[in-house]
Structure formats: C-alpha cells, structure tokens
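Taking it in order: structure first as structure tokens, then the write-up.
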Amino acid sequence: MGEPAVAATVTDDTQARQTVLLVDDNATNLQVLYQTLRDLGPRVLIARSGESALSIARETVPDLVLLDIMMPGMDGYEVCRSLKGEPATRDAAVIFLSALGDTGDKVRGFGLGAVDFISKPFQGEEVLARVRTHLKIRRLERDLSARNRRLEAQQRHILESMGEGLFGVDGGGTIIYANPAALRITGRELEDLEGADLFDADWLETSGDESGRCLMRDAILGESARPCEHEGVVRRPGGAGIEVDFSAAPFHLDGAVRGAVMTFRDVSRRKRAEIELKTAHDALLKSHMELRHAQDRLVQAAKLESVGRLAAGVAHEVKNPLAIIQMGIDYLKVAQRSPGDPGSQVLADMEDAVARADRVIRGLLNLSREQVARTAPADLNEVIDKSLGMVRHELTQHNISLDTDLQPGPATTLLDVPKIEQVLINLFMNAVHAIGRDGLLHVSTRTVDLTEEVVYEAGIGNVFGAGDRALVLEITDTGTGIPEAELERVFDPFFTTKPVGKGTGLGLSVTRTIIEMHRGAIELRNRSRQTGVRVTIYLQTHESDKT
Amino acid sequence: MTKRRILAVDDEAGLTRMIRLNLEATGRFEVREENFGAHALEAARDFRPDLILLDVMMPDMEGSEVAAQLKEDPVLKTTPVVFLTAIVTREETASTGSEIGGHTFLAKPVKAAELIACIDGELGGR
C-alpha cells in the first residue's frame, strides 16, 4: 500500500461525514485497520508518525483518532497530550492502540484524555464495535453542543431583546449580568455595572431609606427569600430620574439562594399618564360639583322668582291697609295726650304690630329683588363690633357670653355696611334664639388661603378656587343645632326652625343673597363635637377684589 | 299764617282720609282728597295745591302718568310731587336719598311724622 495520500481524501461533506484518523508507524497495522473501517461510513485518514498525525488533525479536525502508543519519535502519549492541548483538536476522541495489557499504561492513557483502548492484535469485530460506538458518542456530543450553543444564542437573544431591564446578581448582590435594556434605562456601560453591588448602587432609589435597601436585599437574597416587587427611581448620569417598577426573584440551587434576577420597567410614561388622568378626573369632579351647585342655585332662583312675583302683589295689597292703620294710629296718638291712659299702650302695641307686618313684607321684597351691593372699603371687624353692640342687650338678657377672636389689625374689604350689619344681626339673633338661655357665642375673623379640600367641603367652588385668599368670618353658637335632614333647606325662603310667629323664614335667604352680592359664600353646618351651629362666611379679600 | 294746600291722590279712600286727618291736625295744612288718578289733573287745576302726594299704583291711571300730565301744565309743572309707593322698600327710599327719577318717594306704610317732615322739607325753600 505505500504512503497513502492524506489530504487528498478530504471531501466537501465534512459536516455530515465523520472523520477517523489512524496513526501507526506499522504499515501492516494501518492496512488492517483501514480495511476494517473502510466500509463503515466515515472518512478514514492515516498518518505514519506522531508529527504527521498532529498536522493532519489540525487540518481536518477528526472526530476519532486511533492512536498507536509505541512509535519512534513522538509517541502516542505525546500526540494525545498535544491534541488535547489545542482548542481545535481538543474535542477529538482518542482511542489508544496497544499491545500492552498493562493497567498502569491504560490509566496513564485515560489520564491524558483517551476514551478507550483497543488491544493488538486487532479483532475486526471489536475494532468495528468500539469505533462505531465512539463515533456515535462523538456525534451525539457534537449535536448536543451545537444544540447548546443554539439554545444559548436564543436565550441571549431573548434577554437582549427584552424591553425590561434585567440584572442577574449573585448571592452577595453583585451584578453578574445586565441586558442592553438595563444599560439603556440606567444610561450606563456594562463595565460600570458588572461587579458592582446592586443594593448599594447610588443610581437606584427605592421606596424607603437605607434600612429599606437592607430589607430588600434580605427579602431577595436572605434565607426566606421570595419574589417581590418594588417601586423606585433610576437616576441617570445627567441626574434625570426615571420611575421604575422592579420585580426580583431569587434563584435557588441545591436548596440555597445563589442569586437573584431583577427586572425593571420604565413606568415614567405610565406615571405621567396616571397623573394626567388624575388631573382630568379632578377637573371633571370639580366641574361636576360646580354644575350641581349651579343646578341648586337655579332651583333656588326659580323659587325666588315665584316668591318675587307673589311678593310684589302681596306687598301692594298689604302695605296700603298697613299705611292706613299706621296713620290711623298716628292720628289717634295726637288725641291720646295723657301718658297714663291705657289707650297709649294699645296704640303702641298696634304700632309694633304694623312694624312687624311691614318687616315681613319688606323681607319678601328684598328677597325677590335683584339687588346690588353698594360696597366701599370697610373694616369687617368694626362692622362686627357695631353689630354686636346692637345685640348686646339680648345677649345679656339670655345670659349668653361672648367670645371674639378677630384678626389683629383691620380686616378691610369691600362691604355694603348696612347690608352686612343686617346679615350679622340676623345671624347673631339666630344664635340667641338657638341657645335660648346660658351659652356661648363665638365670633372670629381671619384671612385664609383656601385649599381644595375646604373649597369642596364647604361647597363654595362656584365662587372660590383652591389657592384663593378669603376673609373668613365664623359664628358659632352652643344652641340646639339643626336636624341634619333640615340643613339643606335652611336657605330656602319661608323655611324656619323657629316657633310660629318667631321668624319669617326669610332671614337666611336674605343673608345668603346679601353675601352673594358681595361675591362671597356662606356655609352653615352643625358643629361636629358639640351641639350648636357654625356659620362660615367667605368674603373676597380687598386685594383679590381689585383683580 | 296761611295754610299749605296739599292734594292727596290715592285710590285708597281710607288712606287719603288718614293723611288729611293727620295733616290737618297740625293746623298747618289744608288737604284735598282725590281717589281717582284720572281726576288728579282736574283736581289739581281746581285746587292749586302747594304740593301733591301721589300714589304710584292706582287701578285707573298710574301715578307716573298723572305726574307726566302735571308736567305739561304750565302752572302745575313746578308743583312738587311726593310719590307714595307700596313696592319700594323703606331701605331703598333711604339709600337713594328718597329720589327716583328726580321725584321724592315715600314707602308705605309711612308714619305721619315722617310724612310731615318730608312735606316740610319739600316746601321749606318756597
């Protein structure tokens, strides 16, 4: 057979066909092996020396090498060591051919990475069986590693394509992996992140302080580690913060926590949307409240209008007879000159009755009329003092103590003083009637920057908005209060909680009309902790009135 | 001292009577009652009052119409007119200086003393 042509046998189908390299210095041995394997299927190459074997192996990357141990020059062990030492040939399976039955040599061969031994002289069947088996193993190994590589590539592709940022940390919290999204969201390079402690990262702000981080580390990597979710902010190098939701899950190996995977998602857009949604919702709520209020006022206005028509008619019909009675009394008074005459008292009582009837009619007319406040800058505190002076006698008589807490300095704003006096006296007298006997009347003024809550709760959204400044007048009494069911109706014309003959039912309607003429608002509610009523009047401040 | 002549025009006979009794009780006034707006001009021409008390709302003729007729009369156009009204409230007459459209208004019910004070005020300068 002579020196076989080696490289010439290389065919194109190296991928599909396996290659076996026969290495022996003995031509007869080579021939026997060659003939044995020729029809098995794989490409068979031969080398007559160790050196030649290495050069062929480097070029052809055989799957299997049948390697004689005892060769002149480079022996089989050395060839094996060289093959295993080079990446290109490392994976080739080596079967030693040996006449030696020595166990020590076999151990040495396995130590160098051999997979099997074939004893000389060769038994054809044995050679075939062993070669076939190892080629099969080799093929399976190859398939497996190719599949692994493909799988790894797929996994890497998945991780790299994720929209969420992903970190892998080891059991100590050190970052061992960061996907491209993680780099993008944090605005950092891989080398800035890898090897750093994730829970110490200065670019990650989590809900809670340092102890929060410890808790988080413990929750994710501690003994009782379990998946968890957090919100946080990722601080980018420029200082801009990105709101993120992150979730972390520990991974276990052999029953212990070996690390964790943390994914996080940029939620700043969602948060912005949430804020916009909330703003829109609030605006809707506000306009809804305003609408409801406007509707209430319309109903009220309709009531007032009908009252107004009635009032004008009634006024004319009643005032003429009243005028006659009044002047009749006046005429009779001139004749009744002696003070001791009981007739004088009769006339005085009649005159009082006329005045009372006139008040009712006047109230009706005031209420029904679209009136305009004639305002000028005035000190509300002064008006309160003056009005209190007018009811002082009533307070003393009913043993009601007075407690005033007026804003220091003048509380100057635009007021129609006679009308505000009318309002105050009306409210003070309501308090006196509600208390009856022994109690406390508290009057306070202060300037307040209104919050949204106050605006909503007081139902004054049609006049004031959050952030507006208001001059607030509060009158509280320790009286009986008003049944909750009737609270809504207190501003209705002719509604009264007073006994028949004690009230016209117009006081609060007129009061509200006057306050609204001042572009103010009035709220009446029962006090929360004690019995009694608290009336709160919100007036424009002088400076806000200028605008 | 000559008595001042007052013409009281109101469809309420009871009221014009009370006005007359109260004013005449002072001894300073002579009062003529007229209960029809439509007759007011005629009565005024005949009576030549120093001052006319005029109800605003009368069934046959509005007070403002009567006032317009008086304005056209060469003699009566300078005669002061005080309106009596049931619709205007006391606060309104007080806060506008009792003047609406150049006329003095008194809100019913008016006390005799106020009426007399008002008339004296109107006639004071004459």
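Every number in this text was worked out from the coordinates using simple rules, so none of it is lab data. It should be emphasised that the depicted structure is a prediction, and the values quoted were computed from it without experimental measurement. Backbone-built Cβ (ideal geometry, glycine too); neighbour counts: all protein chains shown.
Each peptide in A:120-132, A:373-385 receives the mean, over its residues, of other Cβ atoms within 10 Å, and ordering these scores from highest gives A:373-385, A:120-132. Compared with the dominant Cα axis of chain A, that is its longest principal axis, helix A:124-161 is turned about 20°.
How would A:SER528, A:SER247, A:SER145 line up from fewest to most surrounding beta-carbon atoms within 10 angstrom?
A:SER528, A:SER145, A:SER247
Over 30 Å between Cα atoms: which of A:LYS419/B:LYS71; A:LYS333/B:LYS71; B:LYS3/B:LYS77; A:LYS333/B:LYS3; A:LYS319/B:LYS71 fall into that group? Distance filter (> 30 Å) returns A:LYS419/B:LYS71; A:LYS333/B:LYS71. Here the relative contact order of chain A, from alpha carbon pairs under 8 Å that lie six or more residues apart, stands at 7 percent.
Stretching A:TYR456 away from A:ASP192 to a fully extended chain increases their span by 89.9 nm, per 0.36 nm per residue minus the current alpha-carbon distance. Across peptide A:356-362, the average count of Cβ atoms from other chains found within 10 Å of a residue's Cβ is 2.
Sequentially through region B:62-75, phi angles give Karplus couplings (6.51, -1.76, 1.60; θ = phi - 60°) of 5, x, 5, 5, 4, 4, 5, 5, 4, 4, 8, 7, x, 8 Hz, Gly and Pro residues having no value and appearing as x. Peptide B:73-86 is shielded by partner chain Cβ atoms: per residue, an average of 1 of them sit within 10 Å of its Cβ. The angle between the Cα long axis of helix A:268-335 and the main principal axis of chain A comes to about 10°, on a 0 to 90 degree scale.
Across region A:257-264, coupling constants 3J(HN,Hα) worked out from phi with the 6.51/-1.76/1.60 Karplus curve, θ = phi - 60°, read 6, 9, x, 8, 10, 10, 10, 9 Hz, and Gly and Pro carry x. Against chain A, whose longest principal axis is taken from its Cα atoms, helix A:210-221 shows a tilt of about 40°.
At full extension, A:ARG437 and A:ALA249 could sit 60.5 nm farther apart than now, given 0.36 nm per residue minus the alpha carbon distance. Peptide B:28-37 is shielded by partner chain Cβ atoms: per residue, an average of 0 of them sit within 10 Å of its Cβ.
Over all other residues within a Cβ to Cβ distance under 11 Å of B:ALA68, the charged ones net out to -2, with Lys and Arg as +1 and Asp and Glu as -1.
Sorting the segments A:103-109, B:22-28, A:49-55 by their mean number of nearby beta carbons within 10 angstrom, highest to lowest, gives A:49-55, B:22-28, A:103-109.
For A:ASN29, neighbours were defined as the other residues whose beta-carbon sits under 10 Å from its Cβ, and their charges (Lys and Arg +1, Asp and Glu -1) total -2.
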